[in-house]
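Enquirer: One structure coming up, written as structure tokens, with questions to follow.
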Amino acid sequence: MENNYLADLWNSSPIVCVVLTGLVLLLVESVRRGSGRLSYAVSLVGLASAGVLIVAVGDVAQPAFNNMIVQGPYAQFFTVIFLVTGILTILLSRGYLDRQGIHRSEYYLLVVFAISGMMLLAYAMDLIVVFLGIELMSICLYILAGFMRTRGTSMEAALKYFLLGAFATGFLLYGIALIYGSTGTTNLEQIAKSFAEHSASPMFLVGVSFLLVAFAFKVAAVPFHMWAPDVYEGAPTMVTAFMSTGVKAAGFAAFVAVFMRSFQYAGSPVNDVLAAIAAASMIIGNVTALAQVNLKRMLAYSSVAHAGYILVGLAAGNADGFMGILFYLVAYVVVNVGAFGILSLVEDSNGQKLSYDDYAGFSAQRPFLAALMSIFMFSLAGIPPFAGFFGKYYVFLAAVKADMIWLAVLGVLTSLVSVYYYLRLVILMYFREGSGDVAVRPTWAAMLSIGFAAYLVIQFGIFPSIVVDAALKVF
Amino acid sequence: MISVEQYLALSAVMFVIGVVGVLVRRNAIIVFMSIELMLNSVNLTLVAFSAYLGDVTGQMLVFFVMTVAAAEAAVGLAIIIALYRIRQTVNIDDINILKW
């Protein structure tokens, strides 16, 4: 068998480009210390060129490196999500890091390496690559969560995330080992081919359930969500933004690649377990979010609930569910980058001004930002004509088609609960008098990225076909 | 001759000890050691399967696991030290500013 390494390199060039950007950033830091602005520019250029490459490579499915990774529409779809998230996060981060006094070039380096790990997850065709992708992403995030190393909350978030993340890694690996033992391969394509003969063997099922635990942990689904509120609250706000968007999308990229594209469990008890996790996440996430005072913590519980909605599509296990997951992720990611972006602008240098009450009368001081925040909240609540509505519509439709009507009903009911805590913020911003001491000094880059996120939310809400067409091509 | 089942049983026991250690112990460093025990029990499983199946993939994965575990140890210990400098404790029960 002859290997064509040049073709392999070309097919994986977006990942190579992002990794090279990370290496250049390492060099920049070692040559010129304290070169935050240079790193900022280099990381943006690197991610943008990866975006150009992903278009240039094309969307014909092609395996590379002995079937370890596969380039194709699926990888392309998710890579675009990761790159857009990464670019928006970096644009928003610079002003935020300056205000918090932690503007160091390592930040960009870690974000870029985390993105390369996420891209590996989207390209993965082998459980070994899934493992490496998750670890590359997670190890960078452990550091990012503790980036304010003189602040107790940030370090506490880092320790909790690290210990629980490494614990989940143990389950992931044991699951991979058991699946390898029962099928004799770690390649997802080959596992899918011989799936019928292994699907019921006890060792294989134990392996599958361990993988389920690990992925449920990474996407913060109940009952493996306990870390999410603490870590989201303690980590620097823009890192939280990155975690709740890019990392969640990457977790689902791996989850879907393994559980929907390789394991054909649709209609079996395994999918009933997924449905139970989805139901529990929707209920616990939404109900606990009602009681929150801190907005970062509220968005953390809301992200648990949204993981539940996306899992509805996974539990349905049909083509509609697949399309619904992709649409939901796009809608959720752009909304959350925007919402956390606004939180990061309002937060003061001591990490305060993050509670509901701090937003009272916000519309009088900052009408434009308040309007954008309202758009994001309406979209999270799933109110048309914003993108979040169609995300929910498609996953619930998939559940109905898969004869899981109870799950769709539960989803609609819990969405109604969520309206309360999302719209409470809108009401506070518009109908309450504030103390008027919120000092917001947004940079142009930050305003531009928040505005862009809001534009996408409206665009995808009015013309969902843009994303739907791209998602259908993936299937 | 030790059979593959015995290796698997040993690694399963090691994995369970690791899980129990994570859940029961309160010192962050011992919790971290328990996690390392879990990873190493997986390595043993992989090597046993690899020898049993006559396939090299498992042993290759072990090298990746060892590399990643080393990277994780570096980051994890650094986090624990940074936290100790602020709080003068590595007891998980005392690390509780964040809760709802």
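The values are calculated or read from the model by the stated rules, or taken from the named source; none is laboratory data. Fair warning: this is a prediction, and the values are worked out from it, not measured in the lab. Cβ coordinates were reconstructed from backbone atoms using ideal geometry, including for glycine residues, and neighbour counts include every protein chain displayed. In case anyone asks, the SASA skips ligands and DNA or RNA and just uses the protein heavy atoms, side chains included. Shrake-Rupley method; radii C 1.70, N 1.55, O 1.52, S 1.80 Å.
Enquirer: When the helix-only estimate is applied to the protein assembly as shown (DSSP H runs of n ≥ 4, each -39,500 (n - 2.57), divided by the residue count), what is the mean residue ellipticity at 222 nm, nearest 500 deg cm²/dmol?
Expert: Mean residue ellipticity at 222 nm (helix-derived): -25500 deg cm²/dmol.
Enquirer: Quote the convex hull volume per residue of region A:265-475, based on C-alpha atoms, as a whole number of Å³.
Expert: Given the Cα convex hull of region A:265-475, per-residue volume reads 112 Å³.
Enquirer: May I pose another question? From other protein chains only, count the Cβ atoms within 10 Å of every residue's Cβ in B:79-91, then give the mean.
Expert: 4
Enquirer: Moving on to the next point. Assuming a viscosity of 1.002 mPa s and a temperature of 20 °C, what translational diffusion coefficient in µm² per second does Stokes-Einstein assign to the protein assembly as shown, Rh being the Kirkwood radius over Cα pairs?
Expert: 90
Enquirer: Give the longest segment of chain A that steers clear of GluC sites (Glu not before Pro) in DSSP loops with at most 15 neighbouring Cβ atoms within 10 Å, not counting the sites themselves.
Expert: With GluC sites (Glu not before Pro) excluded where exposed in loops, chain A gives A:3-432 as its longest stretch.
Enquirer: With a Cα-only, solvent-free Debye model of region B:4-94, what are the log10 I(q)/I(0) values at q = 0.10, 0.11, 0.12, 0.21 Å⁻¹?
Expert: With one equal scatterer per Cα and no solvent, log10 I(q)/I(0) is -0.33, -0.39, -0.46, -0.99.
Enquirer: Next question, about the same structure. Which ³J(HN,Hα) values in Hz, rounded to whole numbers, follow from the phi angles of region A:6-23 under the Karplus curve 6.51 cos²θ - 1.76 cosθ + 1.60, where θ = phi - 60° and Gly and Pro get x?
Expert: 5, 5, 4, 5, 5, 5, 9, 4, x, 5, 4, 4, 5, 5, 4, 4, x, 5
Enquirer: Using the Cα gyration tensor of region A:124-246, with a ≥ b ≥ c the square roots of its eigenvalues, what is the shape: rounded (a/c below 1.5), prolate (a/b larger than b/c) or oblate (neither)?
Expert: prolate
Enquirer: Describe numerically, in nm with one decimal, the distance between label points set 7 Å from Cα along Cα→Cβ at B:Leu77 and at A:Asn66.
Expert: 3.2
Enquirer: Given a 1.4 Å probe, how much area per residue of region A:382-435 is accessible, in Å²?
Expert: About 52 Å² of surface per residue is accessible.
Enquirer: Let me ask you something else. Springs between alpha-carbon pairs under 10 angstrom, Gaussian network model over chain B: which of B:Val31, B:Val65, B:Val75 fluctuates most?
Expert: Answer for the Gaussian network model of chain B: B:Val75.
Enquirer: In addition: Can you count the Lys pairs in the protein assembly as shown with C-alpha separation below 24 Å, eight or more apart or on different chains?
Expert: Within the protein assembly as shown, the lysine pair count is 21.
Enquirer: How large is log10 I(q)/I(0) at q = 0.13, 0.17, 0.21 Å⁻¹ when the Debye formula is applied to the Cα atoms of region A:1-114, each weighted equally and without solvent?
Expert: -0.54, -0.81, -1.06
Enquirer: Ordered by residue, what ³J(HN,Hα) values in Hz, to whole numbers, does region B:35-52 give under the Karplus form 6.51 cos²θ - 1.76 cosθ + 1.60, where θ = phi - 60° and Gly and Pro are x?
Expert: Result, rounded to whole Hz: 5, 4, 5, 4, 4, 6, 5, 5, 4, 4, 4, 4, 5, 4, 4, 4, 5, 5.
Enquirer: While we're looking at this one, here's another question. I need the calculated FRET efficiency for the pair B:Arg85 and A:Leu20, taking r as the beta carbon distance and R₀ as 41 Å, to the nearest 0.05.
Expert: After rounding to 0.05, the efficiency reads 0.75.
Enquirer: Then there's this: Rounded to the nearest 0.05, what FRET efficiency do B:Met60 and A:Phe475 give with R0 = 56 Å and r taken as the Cβ-Cβ distance? Could you check?
Expert: 0.95
Enquirer: Any idea how far the Cα center of region A:78-145 sits from the one of region A:199-269, in Å?
Expert: Using only Cα atoms to place each centre, the spacing works out to 17 Å.
Enquirer: Tell me, what is the FRET efficiency for A:Ala439 and A:Ala7 to the nearest 0.05, using R0 = 41 angstrom and their Cβ-Cβ distance as r?
Expert: According to the calculation, E is roughly 0.15.
Enquirer: A follow-up question, please. What is the distance, in nm, between label points placed 7 Å from the Cα along the Cα-to-Cβ direction at A:Leu290 and at A:Ala196?
Expert: Once both label points are built, they end up 4.8 nm from each other.
Enquirer: Using a 10 Å Cβ count of at most 12 others and DSSP loop calls, identify the longest part of chain A lacking such trypsin sites (Lys or Arg not before Pro).
Expert: Maximal segment without exposed cleavage sites: A:34-475.
Enquirer: May I pose another question? Hey, rough spin-label estimate for A:Asn350 and A:Leu413, points 7 angstrom out along Cα→Cβ, what's it come to in nanometres?
Expert: 4.4
Enquirer: Now a separate question. Using Cα atoms only, what is the angle between the long axis of helix B:57-87 and the major principal axis of chain B, expressed in degrees (0 to 90) to the nearest 10?
Expert: Taking Cα atoms only, the helix is inclined about 10 degrees.
Enquirer: For A:Val70, what charge total do you get from the other residues with a beta carbon under 14 Å from its beta carbon, if Lys and Arg give +1 and Asp and Glu give -1?
Expert: -3
Enquirer: Taking only Cα atoms and a 10 Å spring cutoff, compute GNM fluctuations for chain B and point out the largest among B:Ser41, B:Ser50, B:Ser11.
Expert: B:Ser50
Enquirer: OK, next. Give the A-B buried accessible area in Å², both sides summed, 1.4 Å probe, nearest 100.
Expert: 3700
Enquirer: Can you check what the net charge comes to around A:Ile128, using other residues whose Cβ is under 14 Å from the Cβ of A:Ile128 (Lys, Arg +1; Asp, Glu -1)?
Expert: Neighbour charge sum, excluding A:Ile128 itself: -4.
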